[in-house]
1. Just for segment 1-48: of the residues that are of a type in the set (Phe, Trp, Tyr) and modelled with pLDDT of 95 or more, which one is farthest from residue 102 (Cα to Cα)?
2. So the check is Cβ under 9 Å with 6+ separation or different chains; which pairs have a first residue in segment 1-25 that's under 18 Å from residue 91 (Cα atoms) and a second one that's basic (Lys, Arg) and surrounded by fewer than 13 Cβ atoms within 10 Å (Cβ to Cβ)?
3. Does at least one position in segment 1-14 carry a residue that is of a type in the set (Lys, Arg) and either in a loop (DSSP other than H, G, I, E, B) or closer than 21 Å to residue 111 by Cβ (or both)?
4. Only residues in segment 26-42 that are over 15 Å from residue 84 (Cβ atoms) and free of Cβ contacts under 8 Å to residues at least 60 places away in the same chain count as the first member; pair them with residues that are assigned to a helix (DSSP H, G or I) and not acidic (Asp, Glu), Cβ under 7 angstrom, at least 6 apart or cross-chain, and list the lot.
5. Go through 29, 56 for me and flag whichever is acidic (Asp, Glu) and within 17 Å of residue 105 (Cβ to Cβ).
Amino acid sequence: MTCLKIYVAGPYTGATLEEIESNVERAMEAGLKIWKKGHYPYIPHLTHWPDLLAQEKGIPMDWADYMKWHAPWVDHCDALYLLAESRGALLELERAKEEGKQVFYSLDEIPSVERASTWADRHVED
């Protein structure tokens, strides 16, 4: 298997800020594990910080805005990892399946691979 761009799908919203931050942390942890397996994760939960800024600045943003924000990334990625179910994650899963993308339901299913080189490799040292 070659290196994949993997979309991390899972719940973001919660009843409290603590619940939201817990969801963000779970997604980031999954993304780090995917990275360490040699793949490129896309973690939509990282828009948590623009969401906080939007609230602070009075910029109206809602669930639909964020679904539209992330939709192109579902299409761009090679695969989807379903961290946990939510309304949005299930829509993202449905789209990934429609597009014939590989779907992973556990981190153990994602194989370790040698990461593909990028332009950044020429500019950074390990």
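1. Residues of segment 1-48 of a type in the set (Phe, Trp, Tyr): 7, 12, 35, 40, 42.
Still in the running and modelled with pLDDT of 95 or more: 7, 35, 40, 42.
Numbers: 7: 10, 35: 17, 40: 14, 42: 15 Å.
That would be 35.
2. 11/87; 13/87
3. Step one: of segment 1-14, the residues of a type in the set (Lys, Arg) are 5.
Those left that are additionally either in a loop (DSSP other than H, G, I, E, B) or closer than 21 Å to residue 111 by Cβ (or both): 5.
Yes, segment 1-14 contains a residue that is of a type in the set (Lys, Arg) and either in a loop (DSSP other than H, G, I, E, B) or closer than 21 Å to residue 111 by Cβ (or both).
4. Short answer, once both residue conditions are applied: 41/31; 41/34; 41/35; 42/73.
5. Values: 56 fails: within 17 Å of residue 105 (Cβ to Cβ).
Result: 29 is the single residue among 29, 56 that is acidic (Asp, Glu) and within 17 Å of residue 105 (Cβ to Cβ).
The values are calculated or read from the model by the stated rules, or taken from the named source; none is laboratory data. Everything numeric here is computed off the predicted structure, so don't read it as measured data. For neighbour counting, all protein chains shown are included, and Cβ atoms are generated from backbone atoms with ideal geometry for every residue, glycine included.
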